[in-house]
Amino acid sequence: YAPNNAVVVVTGKFDAEAALADIAARYGGLPRSELPAEHIAPEQGAAQPVRAEIERPVPADRLALGFAAPALAADDRAAFEVLDEILTGGPSSRLHRRLVVHSQMASSVDAGPAPTRDPALFTLWVQLRKGRRAEEAEAAIDEELARVLREPPSEADLTKAKNRRSEERRVGKEC
(Lines give C-alpha, C1' and ligand atoms only; values in the text may rest on other atoms or scores of the structure.)
Protein backbone atom coordinates (compact mmCIF):
# COMPACT_ATOMS: atom_id res chain seq x y z
CA TYR A 1 0.00 0.00 0.00
CA ALA A 2 1.10 3.55 -0.72
CA PRO A 3 -0.53 7.01 -0.66
CA ASN A 4 -1.42 6.82 -4.35
CA ASN A 5 -3.49 3.63 -3.96
CA ALA A 6 -4.91 3.95 -0.45
CA VAL A 7 -8.11 5.39 0.96
CA VAL A 8 -8.42 7.10 4.33
CA VAL A 9 -11.89 7.22 5.90
CA VAL A 10 -12.68 9.64 8.70
CA THR A 11 -16.03 9.41 10.49
CA GLY A 12 -17.78 11.13 13.33
CA LYS A 13 -17.82 14.76 14.37
CA PHE A 14 -14.51 16.39 13.50
CA ASP A 15 -12.92 19.55 12.14
CA ALA A 16 -12.31 18.92 8.42
CA GLU A 17 -9.26 21.22 8.15
CA ALA A 18 -7.61 19.66 11.21
CA ALA A 19 -8.34 16.13 9.91
CA LEU A 20 -6.83 16.92 6.50
CA ALA A 21 -3.75 18.46 8.16
CA ASP A 22 -3.35 15.37 10.36
CA ILE A 23 -3.68 13.04 7.36
CA ALA A 24 -1.10 15.08 5.41
CA ALA A 25 1.29 15.01 8.39
CA ARG A 26 0.98 11.25 8.83
CA TYR A 27 0.90 10.12 5.19
CA GLY A 28 2.25 13.04 3.14
CA GLY A 29 5.90 12.00 3.51
CA LEU A 30 5.38 8.45 2.33
CA PRO A 31 6.72 7.77 -1.18
CA ARG A 32 4.42 6.99 -4.10
CA SER A 33 4.38 3.45 -5.39
CA GLU A 34 4.58 2.13 -8.93
CA LEU A 35 1.24 0.44 -9.44
CA PRO A 36 1.09 -2.66 -11.60
CA ALA A 37 -0.76 -2.24 -14.88
CA GLU A 38 -4.14 -3.90 -14.90
CA HIS A 39 -4.77 -6.42 -17.63
CA ILE A 40 -8.11 -7.74 -16.48
CA ALA A 41 -10.70 -8.12 -19.20
CA PRO A 42 -14.24 -7.11 -18.21
CA GLU A 43 -16.47 -10.02 -17.31
CA GLN A 44 -18.74 -11.03 -20.18
CA GLY A 45 -22.46 -11.37 -19.65
CA ALA A 46 -24.44 -14.49 -20.41
CA ALA A 47 -24.87 -15.25 -24.11
CA GLN A 48 -28.44 -16.44 -23.52
CA PRO A 49 -31.11 -15.36 -21.04
CA VAL A 50 -30.86 -17.09 -17.67
CA ARG A 51 -33.97 -17.90 -15.66
CA ALA A 52 -34.28 -19.46 -12.23
CA GLU A 53 -37.16 -20.03 -9.89
CA ILE A 54 -36.47 -20.48 -6.21
CA GLU A 55 -39.11 -21.93 -3.91
CA ARG A 56 -39.14 -20.52 -0.38
CA PRO A 57 -41.79 -20.54 2.35
CA VAL A 58 -42.69 -16.87 1.99
CA PRO A 59 -46.17 -15.34 1.93
CA ALA A 60 -45.76 -13.55 -1.41
CA ASP A 61 -43.76 -13.82 -4.62
CA ARG A 62 -40.73 -11.68 -5.29
CA LEU A 63 -39.38 -10.94 -8.73
CA ALA A 64 -35.84 -9.94 -9.68
CA LEU A 65 -34.94 -9.11 -13.27
CA GLY A 66 -31.49 -8.24 -14.58
CA PHE A 67 -30.60 -6.46 -17.80
CA ALA A 68 -27.16 -5.66 -19.19
CA ALA A 69 -25.99 -2.24 -17.96
CA PRO A 70 -22.99 -0.09 -18.83
CA ALA A 71 -20.02 0.54 -16.54
CA LEU A 72 -19.85 3.67 -14.40
CA ALA A 73 -17.61 5.52 -16.87
CA ALA A 74 -19.51 4.49 -20.02
CA ASP A 75 -20.96 7.20 -22.24
CA ASP A 76 -24.51 5.86 -21.89
CA ARG A 77 -24.40 5.30 -18.10
CA ALA A 78 -26.27 8.55 -17.39
CA ALA A 79 -29.10 7.37 -19.64
CA PHE A 80 -29.50 4.22 -17.51
CA GLU A 81 -29.61 6.31 -14.35
CA VAL A 82 -32.26 8.61 -15.80
CA LEU A 83 -34.25 5.57 -17.00
CA ASP A 84 -34.02 4.15 -13.47
CA GLU A 85 -35.58 7.37 -12.12
CA ILE A 86 -38.35 7.36 -14.73
CA LEU A 87 -39.19 3.72 -14.02
CA THR A 88 -38.74 3.46 -10.24
CA GLY A 89 -37.73 6.85 -8.84
CA GLY A 90 -40.36 7.52 -6.24
CA PRO A 91 -44.14 7.36 -6.00
CA SER A 92 -44.80 9.07 -9.35
CA SER A 93 -42.50 6.76 -11.33
CA ARG A 94 -44.00 4.60 -14.07
CA LEU A 95 -43.51 1.19 -12.47
CA HIS A 96 -44.50 2.35 -9.00
CA ARG A 97 -47.75 3.79 -10.36
CA ARG A 98 -48.42 0.71 -12.49
CA LEU A 99 -47.53 -2.05 -10.01
CA VAL A 100 -48.14 -0.48 -6.60
CA VAL A 101 -50.80 2.21 -7.09
CA HIS A 102 -53.06 1.22 -10.01
CA SER A 103 -53.00 -2.60 -10.09
CA GLN A 104 -51.97 -3.02 -6.44
CA MET A 105 -50.13 -6.20 -7.40
CA ALA A 106 -46.93 -5.14 -5.62
CA SER A 107 -46.04 -3.46 -2.35
CA SER A 108 -42.73 -2.12 -3.66
CA VAL A 109 -40.60 -1.81 -6.76
CA ASP A 110 -36.97 -0.73 -6.98
CA ALA A 111 -34.21 -0.83 -9.56
CA GLY A 112 -30.81 0.44 -10.43
CA PRO A 113 -27.64 -0.20 -12.38
CA ALA A 114 -24.79 -1.74 -10.39
CA PRO A 115 -22.12 0.85 -9.51
CA THR A 116 -19.20 -1.02 -11.02
CA ARG A 117 -16.21 -0.20 -13.16
CA ASP A 118 -17.08 -2.98 -15.61
CA PRO A 119 -20.43 -3.53 -17.35
CA ALA A 120 -22.84 -5.23 -14.97
CA LEU A 121 -26.59 -5.55 -14.36
CA PHE A 122 -29.49 -3.15 -14.17
CA THR A 123 -31.50 -5.02 -11.55
CA LEU A 124 -35.22 -4.58 -10.98
CA TRP A 125 -36.84 -5.91 -7.77
CA VAL A 126 -40.55 -6.29 -7.14
CA GLN A 127 -42.17 -7.37 -3.88
CA LEU A 128 -45.60 -8.70 -4.81
CA ARG A 129 -48.68 -8.72 -2.64
CA LYS A 130 -50.03 -12.01 -1.33
CA GLY A 131 -51.88 -13.93 -4.04
CA ARG A 132 -50.23 -12.09 -6.94
CA ARG A 133 -47.79 -13.91 -9.23
CA ALA A 134 -44.35 -12.89 -10.46
CA GLU A 135 -45.49 -13.60 -14.04
CA GLU A 136 -48.10 -10.82 -13.75
CA ALA A 137 -45.48 -8.31 -12.68
CA GLU A 138 -43.05 -9.41 -15.38
CA ALA A 139 -45.73 -8.94 -18.07
CA ALA A 140 -46.52 -5.45 -16.74
CA ILE A 141 -42.82 -4.56 -16.65
CA ASP A 142 -42.37 -5.79 -20.23
CA GLU A 143 -45.29 -3.57 -21.29
CA GLU A 144 -43.79 -0.51 -19.54
CA LEU A 145 -40.38 -1.11 -21.09
CA ALA A 146 -42.00 -1.40 -24.53
CA ARG A 147 -43.89 1.83 -23.76
CA VAL A 148 -40.60 3.65 -23.02
CA LEU A 149 -39.37 2.60 -26.47
CA ARG A 150 -42.65 3.52 -28.17
CA GLU A 151 -43.29 6.75 -26.27
CA PRO A 152 -40.04 8.37 -25.13
CA PRO A 153 -40.32 10.28 -21.85
CA SER A 154 -41.50 13.86 -22.10
CA GLU A 155 -39.12 16.76 -21.52
CA ALA A 156 -40.84 17.30 -18.15
CA ASP A 157 -40.27 13.64 -17.14
CA LEU A 158 -36.61 13.86 -18.16
CA THR A 159 -36.11 17.08 -16.19
CA LYS A 160 -37.80 15.58 -13.12
CA ALA A 161 -35.65 12.43 -13.34
CA LYS A 162 -32.43 14.42 -13.74
CA ASN A 163 -33.35 16.66 -10.81
CA ARG A 164 -34.12 13.67 -8.58
CA ARG A 165 -30.81 12.05 -9.52
CA SER A 166 -28.91 15.30 -8.83
CA GLU A 167 -30.65 15.67 -5.45
CA GLU A 168 -29.77 12.06 -4.51
CA ARG A 169 -26.11 12.72 -5.30
CA ARG A 170 -26.14 16.01 -3.35
CA VAL A 171 -27.71 14.40 -0.29
CA GLY A 172 -25.36 11.42 -0.58
CA LYS A 173 -22.33 13.71 -0.47
CA GLU A 174 -23.66 15.44 2.64
CA CYS A 175 -24.09 12.19 4.57
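The values are calculated or read from the model by the stated rules, or taken from the named source; none is laboratory data. The shown structure was predicted, so the numbers you read here are calculated from the model rather than taken from an experiment. Cβ sites come from the backbone with ideal geometry, for glycine too, and all protein chains shown count toward neighbours. All accessible areas refer to the heavy atoms of the entire protein, side chains included, with ligands and DNA or RNA removed. Shrake-Rupley method; radii C 1.70, N 1.55, O 1.52, S 1.80 Å.
A few points about this structure:
- One compactness figure for the chain is 1.37, namely its Cα radius of gyration divided by 2.2 N^0.38 Å.
- The residues of segment 1-141 present an accessible area of 72 Å² per residue when probed at 1.4 Å with all protein chains retained.
- Protein heavy-atom surface of the chain, 1.4 angstrom probe: 56% of the accessible area is carbon and sulfur, with nucleic acids and ligands not counted.
- Sequentially through segment 40-57, phi angles give Karplus couplings (6.51, -1.76, 1.60; θ = phi - 60°) of 9, 6, x, 5, 8, x, 5, 6, 10, x, 10, 10, 8, 10, 10, 8, 9, x Hz, Gly and Pro residues having no value and appearing as x.
- Over the chain, Cα pairs under 8 Å with separation of 6+ residues give a relative contact order of 22 percent.
- Ordering K160, K13, K130 by accessible surface, largest first, gives K13, K130, K160; the 1.4 Å probe counts only protein heavy atoms, with every chain in place.
- Multiplying the residue separation of A41 and R62 by 0.36 nm and subtracting their alpha-carbon distance yields 4.2 nm.
- Net charge of neighbours whose Cβ lies under 10 Å from the Cβ of P113, counting Lys and Arg as +1 and Asp and Glu as -1: -1
- Extension gain, S108 to L149, is 12.4 nm, computed as 0.36 nm per intervening residue step minus the present C-alpha separation.
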